[in-house]
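As structure tokens, the structure follows; a few thoughts come after it.
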């Protein structure tokens, strides 16, 4: 393992420049790059990357790497936002993941995106430990933008419960995932269960999925740990068809049903991501914050599995409270 300084975040008010480090493993070949936290609330994403650094260091010490395997892991490139507790760039509230491929002569977040992108270019595969724009919890999954630059089914090799295929929209063209693909890196976004807090079970699952991907490419002798298998079994995500016991289900995003609330208030949730529900099941209630009277009952519109659940306790009207795979 070698820790290297990739670039420096400078031009910060009343602060010294902040170095951004990456951790290199194996050979000098650019095989796989993993980007952790870019936004300031992506605590889970930084933790998953750190967990992956530890696991890769142990495997490298054992001499388990293939001779031509070279891996770069960048745990965090949004330290300034994280230090002050802001999801977006604190000085102008811009989103770094809407600034790629970046511009060295532009605003601060454009320059930062350019430096991140320069450090990640040229790799055969890329993994972005991403987060959703709404506060909530997911079933861990792989997400691929269907740009036509790669084989979408390759995401099955991560061995996560779901592989989500997303048709890119105009605003997606400035994300890391999209631009990484355009610059000929086969790219995957992996979503863990949480964002702003550490969930150790799903973090272990996601870090393990990256190692499984490399194992299926013949670059690591690696099997899924018993602890992860036990977690998947408890969640009803195991099958008997594959050696790891997990069946990855391919889902197209347009087939996911968004469940909205009509009125704002305090959200009381009765189901969680991964739960199988039947049409008419009670999913949540919106209660009056002053009287606790029930303002709205939210029920499942169809049979399926909950893919996402909003977790903020105070929710505005017409928000996406759940996403359902039918």
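How about region 17-51: which of its residues are touching a strand residue (DSSP E or B) at 6+ places or on another chain (Cβ under 6 Å), modelled with pLDDT of 95 or more and over 20 Å from residue 121 (Cβ atoms)?
45, 46, 48, 50
Taking region 309-324 only, how many residues are over 10 Å from residue 267 (Cβ atoms) and crowded, with 19+ Cβ neighbours inside 10 Å?
3
Can you confirm whether residue 232 is at pLDDT below 90 and in contact with a strand residue (DSSP E or B) (Cβ under 9 Å, 6 or more places away or on another chain)?
When the stated conditions are applied, residue 232 passes them.
For residue 104, only one of the following conditions fails: (1) within 22 Å of residue 6 (Cα to Cα); (2) modelled with pLDDT of 95 or more. What is its number?
Looking at each condition in turn, residue 104 falls short on (2).
Just the residues that are in a loop (DSSP other than H, G, I, E, B) and either closer than 27 Å to residue 167 by Cβ or without any contact (Cβ under 8 Å) to a residue 12 or more places away in the chain (or both), please, taken from region 256-274.
Correct list: 261, 273, 274.
Looking at 302, 279, 284, 312, which one is part of a loop (DSSP other than H, G, I, E, B) and either modelled with pLDDT under 95 or closer than 25 Å to residue 131 by Cα (or both)?
Only one candidate passes the filter, namely 312.
Working carefully through the options 168, 221, find the one that is in a loop (DSSP other than H, G, I, E, B) and either out of contact with any strand residue (DSSP E or B) (no Cβ under 6 Å at 6 or more places or on another chain) or more than 20 Å from residue 35 (Cβ to Cβ) (or both).
221
Checking the structure you have, find out if any residue of region 246-254 is in contact (Cβ under 8 Å) with a residue 24 or more places away in the chain, more than 24 Å from the chain's Cα centre (by Cα), buried (at least 17 other Cβ atoms within 10 Å of the Cβ) and outside any loop (DSSP other than H, G, I, E, B).
Among the residues of region 246-254, not one is in contact (Cβ under 8 Å) with a residue 24 or more places away in the chain, more than 24 Å from the chain's Cα centre (by Cα), buried (at least 17 other Cβ atoms within 10 Å of the Cβ) and outside any loop (DSSP other than H, G, I, E, B), which makes the answer no.
Would you say residue 268 is out of contact with any helix residue (DSSP H, G or I) (no Cβ under 7 Å at 6 or more places or on another chain), surrounded by 13 or more Cβ atoms within 10 Å (Cβ to Cβ), under 21 Å from residue 324 (Cβ atoms) and not assigned by TED's automatic domain parsing to the domain that holds residue 202?
Working: out of contact with any helix residue (DSSP H, G or I) (no Cβ under 7 Å at 6 or more places or on another chain): yes; surrounded by 13 or more Cβ atoms within 10 Å (Cβ to Cβ): yes; under 21 Å from residue 324 (Cβ atoms): yes; not assigned by TED's automatic domain parsing to the domain that holds residue 202: yes.
Considered against the rule, which asks whether it is out of contact with any helix residue (DSSP H, G or I) (no Cβ under 7 Å at 6 or more places or on another chain), surrounded by 13 or more Cβ atoms within 10 Å (Cβ to Cβ), under 21 Å from residue 324 (Cβ atoms) and not assigned by TED's automatic domain parsing to the domain that holds residue 202, residue 268 comes out as yes.
Limited to region 125-165, what total is found for residues that are assigned to a strand (DSSP E or B) and buried (at least 19 other Cβ atoms within 10 Å of the Cβ)?
Qualifying residue count for the region: 17.
Matching residues to (1) assigned by TED's automatic domain parsing to the domain that holds residue 34; (2) within 17 Å of residue 248 (Cβ to Cβ); (3) within 12 Å of the chain's Cα centre (by Cα):
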position	(1), (2), (3)
148	yes, no, no
156	yes, yes, no
159	yes, yes, no
166	yes, yes, no
172	yes, no, no
178	yes, no, no
189	yes, yes, yes
211	yes, yes, no
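The values are calculated or read from the model by the stated rules, or taken from the named source; none is laboratory data. Remember, predicted model here, so these are calculated numbers, not experimental data. With ideal geometry, Cβ positions are generated from the backbone for all residues, glycine too; neighbour counts draw on all protein chains shown.
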